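The values are calculated or read from the model by the stated rules, or taken from the named source; none is laboratory data. Just so you know, these numbers come straight off a predicted model, no measurement behind them. All Cβ positions, even for glycine, are placed from backbone atoms using ideal geometry, and neighbour counts span all protein chains on display.
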Amino acid sequence: MGLSGDTLYGTAFNGGSFGLGTVFALNTDGSAFKTIHSFFVMPSNFAYSWTNSDGVQPDTALILSGNTLYGTASAGGIFGNGTVFKLNTNGSGFTILYSLTLMTPGTTPLNVTGTTNIDGTDPSAGFLSGNTLYGTASRGGMYGYGTVFSISIPVPPELTINVSGTDVILTWPTNATGYALESTTNLFPAFWITNADTPVFIRGQNTVTNSILGKEQFYRLIQ
């Protein structure tokens, strides 16, 4: 499990909306249990290796970094061999970082398990060091007996805020795709609202100009 303040985050191997596992959160005193993501599989693909978009049956601990949870699903994904994923602690922003590849008949003398691939299957996340996530896969790989792997985690873009008269000017790199600008007037509790203004391209930066309203306004980029 991951722990943030008084909130625990974990996974369930089965169950949820589609019966294929969940990511959940609850307080350390056992209250306020909620499911923040249910893994799913398309009905037409159910009989074929559980291929889907996000994986199925997560069975290892989550890694918490800031407001982001990292984890693995033991099966599912594009080829049915598992995924590495991330999502925000509020359940938003679910993203597949990697789908483990297709297994093929083994061709090396040392492989007696019958199938191999380049990266393994049935992955388990280990730990996060800087922007690199390390883990293991219990099967697959060159000889069919598993792998140790690493995945580079994309670095979130830096949001710059400058004051100009009665406006604030917010900028971030244009190569940071898939991010939305949100704002709130209070962090405890926070109620984030997506900024309605479309960013404009100015000197290589996404730029949004907002009027200063009230005493406090907080901004963030979220994927």
Cβ pairs under 9 Å, 6+ apart or interchain, first in segment 127-140 and in the same structural domain as residue 103 (by TED's automatic domain parsing) and closer than 11 Å to residue 152 by Cβ, second of a type outside the set (A, V, I, L, M, F, W, C) and outside any strand (DSSP E or B), ordered by first then second residue, are 131/154
Scan segment 63-100 for residues that are in a loop (DSSP other than H, G, I, E, B), under 15 Å from residue 40 (Cα atoms) and hydroxyl-bearing (Ser, Thr, Tyr) and jot them down.
-> 74
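Look through 38, 49, 44 and report the one residue that is of a type in the set (S, T, N, Q), at pLDDT 85 or above and either under 19 Å from residue 21 (Cα atoms) or more than 12 Å from the chain's Cα centre (by Cα) (or both).
38
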Wholly within segment 145-223, strands (runs of 3 or more DSSP E) carrying at least 2 residues that are hydrophobic (A, V, I, L, M, F, W, C) | 147-152, 160-164, 167-173, 180-184, 200-202, 218-222
For segment 126-141, indicate whether the set of residues that are outside any strand (DSSP E or B), exposed (fewer than 15 other Cβ atoms within 10 Å of the Cβ) and among the β-branched types (Val, Ile, Thr) is non-empty.
-> no
Of the residues that sit in segment 182-203 and are closer than 18 Å to residue 68 by Cβ and among the aliphatic types (A, V, I, L, M), which one is surrounded by the most Cβ atoms within 10 Å (Cβ to Cβ)?
-> 190
Verdict on residue 92 being touching a strand residue (DSSP E or B) at 6+ places or on another chain (Cβ under 9 Å) and buried (at least 16 other Cβ atoms within 10 Å of the Cβ) = no
What number of residues in segment 157-181 are crowded, with 16+ Cβ neighbours inside 10 Å, in contact with a Pro (Cβ under 9 Å, 6 or more places away or on another chain) and without any contact (Cβ under 8 Å) to a residue 60 or more places away in the chain?
-> 6
Kindly establish whether residue 206 is farther than 26 Å from residue 5 by Cβ and either more than 26 Å from the chain's Cα centre (by Cα) or surrounded by fewer than 16 Cβ atoms within 10 Å (Cβ to Cβ) (or both).
-> no
Of all residues in segment 99-117 being closer than 14 Å to residue 78 by Cβ and touching a Ser or Thr at 6+ places or on another chain (Cβ under 6 Å), which is modelled with the lowest pLDDT?
-> 103
Among 206, 195, 175, which is the only one that is outside the structural domain of residue 121 (by TED's automatic domain parsing), touching a Leu at 6+ places or on another chain (Cβ under 7 Å) and of a type outside the set (Phe, Trp, Tyr)?
-> 195
